[in-house]
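S.K.: Would you mind keeping the following structure in view while I ask a few things?
The values are calculated or read from the model by the stated rules, or taken from the named source; none is laboratory data. Fair warning: this is a prediction, and the values are worked out from it, not measured in the lab. A quick note on method: Cβ atoms are made from the backbone with ideal geometry, for glycine too, and the neighbour counts reach across all protein chains shown.
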Amino acid sequence: MSQSIDFQDIKKLILETTSLTEIISDPQYSTESLYLYWALDALENDTGAKTEIFQSNRDILKAIQKEMRDNKTIEPSLEKYSSGFILGLLEFTIRSIEANIETYDEYQKMIELLLNWKKKGFTSELIEKQYKETVKAIQEINNWHELKKEEYYPIIFQLSTVSGAQYFISELLGMVFESINYSLIFICFLFLLKIILRNQKITLAAFIIILALVAGPGSIWAYLIYLVFVAMWLFVLMRFGLVAGVITLIILALFQAFPITYDASAWYFKTGIAALAIFAAIVLYAFRTSLGGRPMFGTPRLDE
(Lines give C-alpha, C1' and ligand atoms only; values in the text may rest on other atoms or scores of the structure.)
Protein backbone atom coordinates (compact mmCIF):
# COMPACT_ATOMS: atom_id res chain seq x y z
CA MET A 1 0.00 0.00 0.00
CA SER A 2 1.37 3.44 -0.89
CA GLN A 3 2.11 5.92 1.82
CA SER A 4 -0.30 8.79 2.36
CA ILE A 5 0.34 11.85 0.24
CA ASP A 6 0.89 15.34 1.67
CA PHE A 7 -1.28 17.79 -0.27
CA GLN A 8 1.23 20.57 0.35
CA ASP A 9 3.91 18.51 -1.40
CA ILE A 10 1.66 18.14 -4.44
CA LYS A 11 1.20 21.91 -4.61
CA LYS A 12 4.98 22.27 -4.47
CA LEU A 13 5.22 20.09 -7.58
CA ILE A 14 3.17 22.64 -9.49
CA LEU A 15 5.07 25.59 -8.05
CA GLU A 16 8.62 24.27 -8.30
CA THR A 17 8.77 21.55 -10.98
CA THR A 18 9.97 22.80 -14.35
CA SER A 19 9.25 19.48 -16.10
CA LEU A 20 5.73 18.60 -14.94
CA THR A 21 5.10 16.74 -18.20
CA GLU A 22 7.66 14.09 -17.20
CA ILE A 23 6.04 13.61 -13.79
CA ILE A 24 2.52 13.08 -15.10
CA SER A 25 3.86 10.55 -17.59
CA ASP A 26 5.93 8.62 -15.02
CA PRO A 27 4.07 5.74 -13.26
CA GLN A 28 6.33 6.36 -10.26
CA TYR A 29 4.42 9.59 -9.57
CA SER A 30 1.01 8.15 -10.42
CA THR A 31 -0.35 8.61 -6.90
CA GLU A 32 0.81 12.24 -6.65
CA SER A 33 -0.61 12.91 -10.12
CA LEU A 34 -4.02 11.78 -8.87
CA TYR A 35 -4.37 15.09 -7.00
CA LEU A 36 -2.61 17.51 -9.37
CA TYR A 37 -5.82 19.13 -10.60
CA TRP A 38 -7.14 19.56 -7.07
CA ALA A 39 -3.84 21.19 -6.09
CA LEU A 40 -3.96 23.46 -9.14
CA ASP A 41 -7.47 24.56 -8.24
CA ALA A 42 -6.37 25.28 -4.68
CA LEU A 43 -3.56 27.51 -6.00
CA GLU A 44 -5.59 29.40 -8.60
CA ASN A 45 -6.56 32.25 -6.27
CA ASP A 46 -3.23 32.40 -4.46
CA THR A 47 -1.53 35.62 -5.61
CA GLY A 48 1.81 34.36 -4.30
CA ALA A 49 1.63 31.39 -6.68
CA LYS A 50 1.57 33.44 -9.87
CA THR A 51 5.15 32.60 -10.82
CA GLU A 52 6.43 31.75 -14.28
CA ILE A 53 6.76 28.06 -13.38
CA PHE A 54 3.23 27.97 -11.99
CA GLN A 55 1.78 29.63 -15.10
CA SER A 56 3.64 27.18 -17.33
CA ASN A 57 2.41 24.14 -15.39
CA ARG A 58 -1.10 25.58 -15.26
CA ASP A 59 -1.11 25.92 -19.04
CA ILE A 60 0.09 22.33 -19.39
CA LEU A 61 -2.64 20.93 -17.12
CA LYS A 62 -5.39 23.04 -18.70
CA ALA A 63 -4.31 21.94 -22.18
CA ILE A 64 -4.40 18.27 -21.16
CA GLN A 65 -7.84 18.76 -19.64
CA LYS A 66 -9.11 20.24 -22.91
CA GLU A 67 -7.45 17.43 -24.86
CA MET A 68 -9.18 14.84 -22.68
CA ARG A 69 -12.58 16.45 -23.14
CA ASP A 70 -12.13 16.62 -26.91
CA ASN A 71 -11.08 12.97 -27.32
CA LYS A 72 -13.75 10.39 -28.12
CA THR A 73 -11.97 7.66 -26.19
CA ILE A 74 -9.62 7.55 -23.23
CA GLU A 75 -7.12 5.12 -24.76
CA PRO A 76 -4.78 7.74 -26.34
CA SER A 77 -4.44 9.52 -23.01
CA LEU A 78 -3.72 6.28 -21.15
CA GLU A 79 -0.82 5.65 -23.50
CA LYS A 80 0.68 9.09 -22.82
CA TYR A 81 0.02 9.65 -19.10
CA SER A 82 0.00 7.61 -15.88
CA SER A 83 -3.25 5.98 -14.78
CA GLY A 84 -3.32 8.04 -11.58
CA PHE A 85 -3.10 11.29 -13.51
CA ILE A 86 -5.90 10.33 -15.90
CA LEU A 87 -8.13 9.21 -13.04
CA GLY A 88 -7.49 12.42 -11.13
CA LEU A 89 -8.30 14.47 -14.21
CA LEU A 90 -11.57 12.62 -14.80
CA GLU A 91 -12.59 12.73 -11.16
CA PHE A 92 -11.90 16.45 -10.96
CA THR A 93 -13.70 17.24 -14.21
CA ILE A 94 -16.79 15.26 -13.29
CA ARG A 95 -17.15 15.97 -9.59
CA SER A 96 -16.02 19.56 -9.26
CA ILE A 97 -18.18 22.57 -10.07
CA GLU A 98 -14.96 24.45 -10.90
CA ALA A 99 -14.39 22.14 -13.89
CA ASN A 100 -16.43 24.37 -16.25
CA ILE A 101 -18.82 21.62 -17.35
CA GLU A 102 -21.38 23.68 -19.20
CA THR A 103 -23.88 21.18 -20.62
CA TYR A 104 -25.54 17.96 -19.54
CA ASP A 105 -24.32 16.21 -22.73
CA GLU A 106 -20.73 17.11 -21.87
CA TYR A 107 -21.24 15.77 -18.37
CA GLN A 108 -22.66 12.51 -19.73
CA LYS A 109 -19.69 12.20 -22.09
CA MET A 110 -17.26 12.41 -19.16
CA ILE A 111 -19.27 9.79 -17.27
CA GLU A 112 -19.10 7.48 -20.27
CA LEU A 113 -15.34 7.92 -20.51
CA LEU A 114 -14.91 6.90 -16.89
CA LEU A 115 -17.33 3.99 -16.95
CA ASN A 116 -15.76 2.57 -20.10
CA TRP A 117 -12.25 2.87 -18.77
CA LYS A 118 -10.83 -0.62 -18.28
CA LYS A 119 -8.45 -1.05 -15.39
CA LYS A 120 -4.98 -0.53 -16.87
CA GLY A 121 -1.58 0.04 -15.37
CA PHE A 122 -2.53 0.61 -11.73
CA THR A 123 0.71 1.30 -9.90
CA SER A 124 -0.64 1.01 -6.35
CA GLU A 125 -3.55 -0.27 -4.29
CA LEU A 126 -4.42 3.34 -3.45
CA ILE A 127 -5.03 4.24 -7.11
CA GLU A 128 -7.07 1.08 -7.65
CA LYS A 129 -9.17 1.93 -4.59
CA GLN A 130 -9.67 5.49 -5.84
CA TYR A 131 -10.70 4.17 -9.24
CA LYS A 132 -13.29 1.74 -7.82
CA GLU A 133 -14.76 4.34 -5.47
CA THR A 134 -15.03 6.91 -8.25
CA VAL A 135 -16.63 4.47 -10.69
CA LYS A 136 -19.14 3.42 -8.04
CA ALA A 137 -20.07 7.03 -7.22
CA ILE A 138 -20.40 8.04 -10.86
CA GLN A 139 -22.35 4.89 -11.69
CA GLU A 140 -24.87 5.78 -8.98
CA ILE A 141 -25.24 9.29 -10.35
CA ASN A 142 -25.59 7.96 -13.91
CA ASN A 143 -28.30 5.47 -12.93
CA TRP A 144 -30.14 8.21 -11.07
CA HIS A 145 -30.14 10.32 -14.21
CA GLU A 146 -31.52 7.48 -16.30
CA LEU A 147 -34.51 7.45 -13.97
CA LYS A 148 -34.97 11.17 -13.35
CA LYS A 149 -33.53 12.76 -16.51
CA GLU A 150 -32.52 15.81 -14.49
CA GLU A 151 -29.42 17.97 -14.82
CA TYR A 152 -26.99 17.41 -12.00
CA TYR A 153 -23.71 19.11 -11.28
CA PRO A 154 -21.83 17.32 -8.50
CA ILE A 155 -20.69 19.63 -5.73
CA ILE A 156 -17.82 18.81 -3.41
CA PHE A 157 -16.09 20.77 -0.68
CA GLN A 158 -14.37 24.12 -1.23
CA LEU A 159 -10.75 23.36 -2.04
CA SER A 160 -9.63 26.57 -0.34
CA THR A 161 -10.51 24.99 3.01
CA VAL A 162 -7.74 22.41 2.63
CA SER A 163 -5.10 24.81 1.30
CA GLY A 164 -3.70 25.88 4.66
CA ALA A 165 -4.67 27.33 8.04
CA GLN A 166 -5.05 30.89 6.71
CA TYR A 167 -7.52 29.74 4.05
CA PHE A 168 -9.38 27.60 6.59
CA ILE A 169 -9.83 30.59 8.91
CA SER A 170 -10.69 32.90 6.02
CA GLU A 171 -13.39 30.52 4.78
CA LEU A 172 -14.77 30.21 8.31
CA LEU A 173 -14.95 33.97 8.85
CA GLY A 174 -16.51 34.36 5.43
CA MET A 175 -19.26 31.93 6.43
CA VAL A 176 -20.04 34.00 9.53
CA PHE A 177 -20.31 37.29 7.63
CA GLU A 178 -22.27 35.73 4.76
CA SER A 179 -24.69 34.03 7.18
CA ILE A 180 -25.34 37.35 8.92
CA ASN A 181 -25.85 39.14 5.61
CA TYR A 182 -28.13 36.46 4.18
CA SER A 183 -30.21 36.36 7.35
CA LEU A 184 -30.75 40.13 7.25
CA ILE A 185 -31.55 39.99 3.52
CA PHE A 186 -34.06 37.20 4.10
CA ILE A 187 -35.73 39.17 6.90
CA CYS A 188 -36.01 42.24 4.64
CA PHE A 189 -37.46 40.09 1.87
CA LEU A 190 -39.93 38.53 4.32
CA PHE A 191 -40.98 42.00 5.49
CA LEU A 192 -41.44 43.12 1.87
CA LEU A 193 -43.62 40.11 1.12
CA LYS A 194 -45.73 40.87 4.19
CA ILE A 195 -46.34 44.41 2.93
CA ILE A 196 -47.34 43.14 -0.52
CA LEU A 197 -49.45 40.10 0.44
CA ARG A 198 -50.92 41.44 3.73
CA ASN A 199 -51.49 37.94 5.06
CA GLN A 200 -49.03 36.19 7.36
CA LYS A 201 -49.74 32.60 6.29
CA ILE A 202 -49.61 33.42 2.58
CA THR A 203 -46.44 35.46 3.17
CA LEU A 204 -44.69 32.57 4.92
CA ALA A 205 -45.72 30.10 2.22
CA ALA A 206 -44.56 32.43 -0.57
CA PHE A 207 -41.25 33.03 1.22
CA ILE A 208 -40.55 29.29 1.51
CA ILE A 209 -41.49 28.53 -2.11
CA ILE A 210 -39.52 31.43 -3.61
CA LEU A 211 -36.33 30.77 -1.60
CA ALA A 212 -36.47 27.04 -2.39
CA LEU A 213 -36.84 27.85 -6.09
CA VAL A 214 -33.87 30.21 -6.00
CA ALA A 215 -31.63 27.85 -3.98
CA GLY A 216 -32.59 24.55 -5.62
CA PRO A 217 -30.14 23.31 -8.31
CA GLY A 218 -32.86 22.12 -10.71
CA SER A 219 -33.74 18.67 -9.40
CA ILE A 220 -37.24 18.10 -8.02
CA TRP A 221 -35.77 16.16 -5.11
CA ALA A 222 -33.30 18.93 -4.34
CA TYR A 223 -36.17 21.42 -4.51
CA LEU A 224 -38.17 19.40 -1.97
CA ILE A 225 -35.16 19.23 0.33
CA TYR A 226 -34.73 23.00 0.11
CA LEU A 227 -38.42 23.47 0.83
CA VAL A 228 -37.99 21.56 4.08
CA PHE A 229 -34.79 23.39 4.98
CA VAL A 230 -36.20 26.87 4.31
CA ALA A 231 -39.29 26.01 6.36
CA MET A 232 -37.10 24.78 9.23
CA TRP A 233 -34.91 27.89 9.03
CA LEU A 234 -37.98 30.13 9.08
CA PHE A 235 -39.31 28.27 12.13
CA VAL A 236 -35.97 28.71 13.93
CA LEU A 237 -35.91 32.41 13.06
CA MET A 238 -39.46 33.08 14.27
CA ARG A 239 -39.24 30.84 17.33
CA PHE A 240 -35.71 31.53 18.59
CA GLY A 241 -34.61 34.75 16.89
CA LEU A 242 -31.98 36.15 14.55
CA VAL A 243 -28.92 34.68 16.28
CA ALA A 244 -30.32 31.15 16.02
CA GLY A 245 -31.14 31.75 12.35
CA VAL A 246 -27.59 32.93 11.65
CA ILE A 247 -26.07 29.92 13.45
CA THR A 248 -28.28 27.60 11.38
CA LEU A 249 -26.87 29.06 8.15
CA ILE A 250 -23.31 28.84 9.50
CA ILE A 251 -23.74 25.13 10.29
CA LEU A 252 -25.20 24.49 6.82
CA ALA A 253 -22.27 26.29 5.18
CA LEU A 254 -19.83 24.41 7.40
CA PHE A 255 -20.99 21.02 6.15
CA GLN A 256 -21.15 22.20 2.53
CA ALA A 257 -17.74 23.85 2.31
CA PHE A 258 -15.55 21.60 4.48
CA PRO A 259 -14.65 18.00 3.62
CA ILE A 260 -16.32 15.57 6.03
CA THR A 261 -15.15 11.98 5.66
CA TYR A 262 -14.84 8.79 7.73
CA ASP A 263 -11.79 7.74 5.71
CA ALA A 264 -8.83 8.47 7.97
CA SER A 265 -6.43 7.88 5.08
CA ALA A 266 -7.90 10.75 3.03
CA TRP A 267 -5.51 13.70 2.70
CA TYR A 268 -8.28 16.11 3.78
CA PHE A 269 -9.35 14.03 6.82
CA LYS A 270 -7.80 16.43 9.38
CA THR A 271 -9.61 19.40 7.86
CA GLY A 272 -12.92 17.55 8.16
CA ILE A 273 -12.19 16.71 11.80
CA ALA A 274 -11.42 20.38 12.51
CA ALA A 275 -14.77 21.39 10.97
CA LEU A 276 -16.58 18.79 13.09
CA ALA A 277 -14.77 20.09 16.19
CA ILE A 278 -16.08 23.59 15.46
CA PHE A 279 -19.57 22.18 15.03
CA ALA A 280 -19.27 20.29 18.33
CA ALA A 281 -18.05 23.43 20.11
CA ILE A 282 -21.08 25.39 18.88
CA VAL A 283 -23.45 22.63 20.01
CA LEU A 284 -21.83 22.33 23.45
CA TYR A 285 -21.83 26.10 23.97
CA ALA A 286 -25.50 26.32 22.96
CA PHE A 287 -26.36 23.45 25.30
CA ARG A 288 -24.44 25.01 28.19
CA THR A 289 -26.09 28.39 27.61
CA SER A 290 -29.56 26.82 27.46
CA LEU A 291 -29.09 25.51 31.01
CA GLY A 292 -29.23 29.07 32.32
CA GLY A 293 -26.58 28.55 34.98
CA ARG A 294 -27.92 25.20 36.14
CA PRO A 295 -25.43 22.33 36.51
CA MET A 296 -24.91 20.26 33.39
CA PHE A 297 -24.96 17.05 35.39
CA GLY A 298 -26.74 16.27 38.62
CA THR A 299 -29.95 17.56 40.19
CA PRO A 300 -30.24 21.28 40.98
CA ARG A 301 -31.00 22.33 44.57
CA LEU A 302 -34.56 23.34 45.44
CA ASP A 303 -33.51 26.89 46.31
CA GLU A 304 -32.31 27.38 42.73
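S.K.: Across the range 201-251, what is the total count of residues that are more than 25 Å from G174 (Cα to Cα) and outside any helix (DSSP H, G or I)?
M.R.: 2
S.K.: Filtering the range 31-57 down to residues that are surrounded by 13 or more Cβ atoms within 10 Å (Cβ to Cβ) and outside any helix (DSSP H, G or I), which residue is modelled with the lowest pLDDT? Even if it seems obvious, please write down each step before you answer.
M.R.: Initially, the range 31-57 is screened for residues surrounded by 13 or more Cβ atoms within 10 Å (Cβ to Cβ), giving 31-44, 46, 49, 53-54, 56-57.
If we keep only those that are outside any helix (DSSP H, G or I) too, we end up with 34-35, 44, 46.
Numbers: L34: 79, Y35: 81, E44: 77, D46: 73.
Here the residue is D46.
S.K.: Note down all Cβ pairs under 7 Å where the first residue falls in the range 40-69 and is of a type in the set (A, V, I, L, M, F, W, C), the second is crowded, with 17+ Cβ neighbours inside 10 Å and part of a loop (DSSP other than H, G, I, E, B), and they're at least six residues apart or on different chains.
M.R.: A42/S163
S.K.: Report, by residue number, each residue of the range 15-30 that is touching a helix residue (DSSP H, G or I) at 6+ places or on another chain (Cβ under 8 Å) and surrounded by fewer than 23 Cβ atoms within 10 Å (Cβ to Cβ). First the steps, then the outcome.
M.R.: Of all residues in the range 15-30, those touching a helix residue (DSSP H, G or I) at 6+ places or on another chain (Cβ under 8 Å) come to 15-18, 20-21, 23-25, 27, 29-30.
Across the range 15-30, the qualifying residues are L15, E16, T17, T18, L20, T21, I23, S25, P27, Y29.
S.K.: Could you list, in sequence order, all residues of the range 160-208 that are surrounded by 18 or more Cβ atoms within 10 Å (Cβ to Cβ), aliphatic (A, V, I, L, M) and under 29 Å from the mean Cα position of the chain (by Cα)?
M.R.: Within the range 160-208, V162, L172, M175, I208 meet the criteria.
S.K.: Let me ask another. Mind telling me which of the residues I86, I101, I60 ends up being modelled with pLDDT under 65, under 30 Å from F168 (Cα atoms) and either of a type in the set (G, A, S) or surrounded by 12 or more Cβ atoms within 10 Å (Cβ to Cβ) (or both)? Lay out the reasoning, then the answer.
M.R.: Details: I86 fails: modelled with pLDDT under 65; I60 fails: modelled with pLDDT under 65.
I101 is the lone residue from the list that is modelled with pLDDT under 65, under 30 Å from F168 (Cα atoms) and either of a type in the set (G, A, S) or surrounded by 12 or more Cβ atoms within 10 Å (Cβ to Cβ) (or both).
S.K.: Looking for whichever is at pLDDT below 90, touching a Phe, Trp or Tyr at 6+ places or on another chain (Cβ under 7 Å), hydroxyl-bearing (S, T, Y) and at negative phi here; the options are S170, S160. Which one fits?
M.R.: Details: S170 fails: touching a Phe, Trp or Tyr at 6+ places or on another chain (Cβ under 7 Å).
Every option except S160 fails the conditions.
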